Amino acid sequence: MRSCILTRDRDVRSNLVRLALSPDGQVLPDVRAKAPGRGAWIGVTAAELQTALAKGRLKGALSRAFKGASFVIDPDLPAKIAAALERNALDRLGLEARGGTLLTGSERIEGAARSGQLHGLYHAADASADGAGKLAQAWRVGRDEEGSGRKGLTLPVPRAILSMALGRENVVHIGVTDRAAAGRVGDALDRWLHFIGTKILPLPCDTASQGASAPGVSPVTVGRELNEEYE
């Protein structure tokens, strides 16, 4: 686990965003936690980060995290983090599409939903309410959960962006047919949507932790080794 340098709240790494120093001292998002050297972790939203940046709290927290090393904070850091998280989430969708764990096309998704094979449901921002509602109803029928209110999650990107991410034409709806894939997709979307301040309820998938968690809420992980907030 790691601690957010601004709030001191502890959470698993996958729910936080790592910041790292570039060779020229720029503070950059390292959303996949791959960059070498020391890092600092944040778990706040873009709006909260912008406030911390404006009030100088971020600079002080990073000074402690980077042990007094010289650094420069771009005023557009929150936007850069949001863009990096969006790319990461879309890349995850693309990987799952190539791995055969995603379906596109209303008829194929509806068939999987009614047969109980659907574990996640997502819609483009410009999807019609009728189309999304029809697939949600099929999902509830397939899970024998009619009247539960279960429905898919509308993503804050249009079909053109989803089509590019998946390498397919006219991607309006996405169905996830693998439980593990639904967890991976949910985790990537959770970090992105939490950071930009988008509500993540109702939950879109049925993994062991119910997929993407609501902003500020993380699944309790028992038995994980506790570490400092820096690395």
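The values are calculated or read from the model by the stated rules, or taken from the named source; none is laboratory data. These numbers come from a predicted model, not from an experiment. Methodologically, a virtual Cβ is constructed for each residue, glycine included, from the backbone with ideal geometry; neighbour enumeration extends over all protein chains shown. Protein only, heavy atoms only, side chains kept; ligands, DNA and RNA dropped before computing areas. Shrake-Rupley method; radii C 1.70, N 1.55, O 1.52, S 1.80 Å.
For E169, indicate whether it is surrounded by fewer than 16 Cβ atoms within 10 Å (Cβ to Cβ) and in a loop (DSSP other than H, G, I, E, B). Here the answer is yes, as E169 does meet what is asked. L189 meets all of the listed conditions (1) open to solvent by 10 Å² or more (accessible area, probe 1.4 Å); (2) modelled with pLDDT of 95 or more; (3) aliphatic (A, V, I, L, M) but one, namely (1).
The single condition among (1) in a helix (DSSP H, G or I); (2) touching a residue at least 40 places away in the same chain (Cβ under 8 Å); (3) surrounded by fewer than 20 Cβ atoms within 10 Å (Cβ to Cβ); (4) of a type outside the set (D, E, K, R) that L49 does not meet is (3).
Within the range 110-148, the set of residues being open to solvent by 40 Å² or more (accessible area, probe 1.4 Å) and of a type in the set (S, T, Y) comprises S115, S128, S148. Beta carbons closer than 7 Å, at least 6 apart along the sequence or on distinct chains, pair a first residue in the range 71-95 that is among the charged types (D, E, K, R) with a second that is assigned to a loop (DSSP other than H, G, I, E, B) and at pLDDT 95 or above for K80/D74. Per the listing A165, A112, A138, the residue uniquely touching a helix residue (DSSP H, G or I) at 6+ places or on another chain (Cβ under 7 Å), at pLDDT 95 or above and farther than 17 Å from L93 by Cα is A138.
Filtered by the rule that a residue be over 16 Å from S63 (Cβ atoms), out of contact with any Pro (no Cβ under 9 Å at 6 or more places or on another chain) and open to solvent by less than 10 Å² (accessible area, probe 1.4 Å), the range 5-28 gives a lone residue, L16.
Against the conditions (1) more than 19 Å from the chain's Cα centre (by Cα); (2) surrounded by fewer than 21 Cβ atoms within 10 Å (Cβ to Cβ); (3) not in a helix (DSSP H, G or I), K151 satisfies every one except (1).
If you go through the range 110-125 and keep only what is in contact (Cβ under 8 Å) with a residue 40 or more places away in the chain and either not hydrophobic (A, V, I, L, M, F, W, C) or not in a helix (DSSP H, G or I) (or both), you end up with Q117, L118, H119, G120, L121, Y122, H123, A124. Taking the range 60-90 as the search range and keeping residues that are assigned to a helix (DSSP H, G or I) and open to solvent by 70 Å² or more (accessible area, probe 1.4 Å), which one is farthest from T177 (Cα to Cα)? Checking each candidate, the answer is R64. Looking across A40, A33, one residue alone is more than 14 Å from the chain's Cα centre (by Cα), touching a residue at least 12 places away in the same chain (Cβ under 8 Å) and at positive phi. It is A33.
Criterion first (open to solvent by 30 Å² or more (accessible area, probe 1.4 Å), in a helix (DSSP H, G or I) and at pLDDT 95 or above) does E107 satisfy it? Steps first, please.
On the way: open to solvent by 30 Å² or more (accessible area, probe 1.4 Å): yes; in a helix (DSSP H, G or I): yes; at pLDDT 95 or above: yes.
Considered against the rule, which asks whether it is open to solvent by 30 Å² or more (accessible area, probe 1.4 Å), in a helix (DSSP H, G or I) and at pLDDT 95 or above, E107 comes out as yes.
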